[in-house]
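The values are calculated or read from the model by the stated rules, or taken from the named source; none is laboratory data. From a predicted model like this one, the values you see are computed outputs, not experimental measurements. Because the Cβ atoms are built from the backbone with ideal geometry, glycine has one as well, and the counts that use them run over all protein chains shown.
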């Protein structure tokens, strides 16, 4: 007989189509080299600023495996304010990407466990071998990592009630956007793939810049939002060419997160906040994923208090209406206080009663016979003005 528990499943198809907060707790797993007495491999460390990494013996002079680790953390804190929590763990370069990201190997689990499920955004810093096996124009190990990390994130959501999303790099890009694997044909809606770096000819990508921006922004904020400002890097490249010359439109259409420019504006901006799934997936974007995951965490914390609670029933063994209303109100209030009040939900400004959340419990449930309470919870996301069409002409009157 199973243990009493709360189980929440995500519905799909309904949509058709800077103080640091706990919403922005990040994790970073990267290939690294141990530093005697200060930085051990496979050991999670919590830092809140770049100086925290330097205190572990990984400095701006880091070379080899630690150079990418230092660069990633430095770029993370160029976007995220000091005080933002970042869990860091190094792993040996002898661990293959497939094994590193495979949930059954438990190579990433120590980091997630040490953070006690608080990590919302997980960066996995990968490294190609000398002769990568290519899938189209990137290392096939990237695609392996995407599928594995999706499985890992789903496992932690279902069994640890600690949902998170992942960021990985499009490794060893050869410069041909047209042959990039099509991420929109996948269904990995917890993984985003970044293509493009702050240095030219890089085999990696600037996931630290992406994660830092996300950690600094509320969960509903689109990564590509122009008013949030340009990427905190003077130059951005896709492969060996400036980002604006690297076919960012093609890569974006295939589901990659890439840097781009705007005519008349200085600096670089992210193209969109894609996850590796179809546009028809309700959770196709990072903003939607982070919004629904926050609601998940709040609902779990609220409903776990109801486990094994004595529930009044009528003569048919069904729920009393007032008991349903009591639980509904508890869940809605928790989400309103933590999300609506922070502007995370797209409630109708012209309707004072629209709080962006609806919780409903059907009283027609024979809980006496099943000991099961079914709850319907819906939260309202924002829409995003990604495409602006203007009809411009001469005024004659």
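Within the range 337-362, restricting attention to residues that are outside any loop (DSSP other than H, G, I, E, B) and surrounded by fewer than 17 Cβ atoms within 10 Å (Cβ to Cβ), the residue that is nearest to the chain's Cα centre (by Cα) is 342. Tallying residues that are outside any loop (DSSP other than H, G, I, E, B) and over 20 Å from residue 8 (Cβ atoms) within the range 251-284 yields 10. Here the range 306-333 is the region considered, the condition is being touching a strand residue (DSSP E or B) at 6+ places or on another chain (Cβ under 9 Å) and more than 16 Å from residue 371 (Cα to Cα), and the residue that is surrounded by the fewest Cβ atoms within 10 Å (Cβ to Cβ) is 329. Scanning the range 90-107 for residues that are touching a helix residue (DSSP H, G or I) at 6+ places or on another chain (Cβ under 6 Å) and either crowded, with 23+ Cβ neighbours inside 10 Å or part of a helix (DSSP H, G or I) (or both) yields 97, 98, 99, 101, 103, 105.
Residue count for the range 195-239 under the criterion of being touching a strand residue (DSSP E or B) at 6+ places or on another chain (Cβ under 8 Å), assigned to a loop (DSSP other than H, G, I, E, B) and under 19 Å from residue 275 (Cβ atoms): the result is 7. With respect to (1) touching a strand residue (DSSP E or B) at 6+ places or on another chain (Cβ under 8 Å); (2) surrounded by fewer than 24 Cβ atoms within 10 Å (Cβ to Cβ), the lone exception for residue 192 is condition (2).
Hey, any hits in the range 163-175 for a residue that's part of a helix (DSSP H, G or I), assigned by TED's automatic domain parsing to the domain that holds residue 207, out of contact with any strand residue (DSSP E or B) (no Cβ under 7 Å at 6 or more places or on another chain) and surrounded by fewer than 24 Cβ atoms within 10 Å (Cβ to Cβ)? So far as the range 163-175 goes, no, none of its residues is part of a helix (DSSP H, G or I), assigned by TED's automatic domain parsing to the domain that holds residue 207, out of contact with any strand residue (DSSP E or B) (no Cβ under 7 Å at 6 or more places or on another chain) and surrounded by fewer than 24 Cβ atoms within 10 Å (Cβ to Cβ). Within the range 240-250, the residues that satisfy the criterion of being in contact with a helix residue (DSSP H, G or I) (Cβ under 8 Å, 6 or more places away or on another chain) and assigned to a loop (DSSP other than H, G, I, E, B) are 246, 247.
Summed over the range 11-41, residues that are assigned to a strand (DSSP E or B) and either at pLDDT below 70 or under 20 Å from the mean Cα position of the chain (by Cα) (or both) total 5.
Looking at 377, 392, 368 in this structure, which one is farther than 29 Å from residue 340 by Cβ and in contact with a strand residue (DSSP E or B) (Cβ under 7 Å, 6 or more places away or on another chain)?
368
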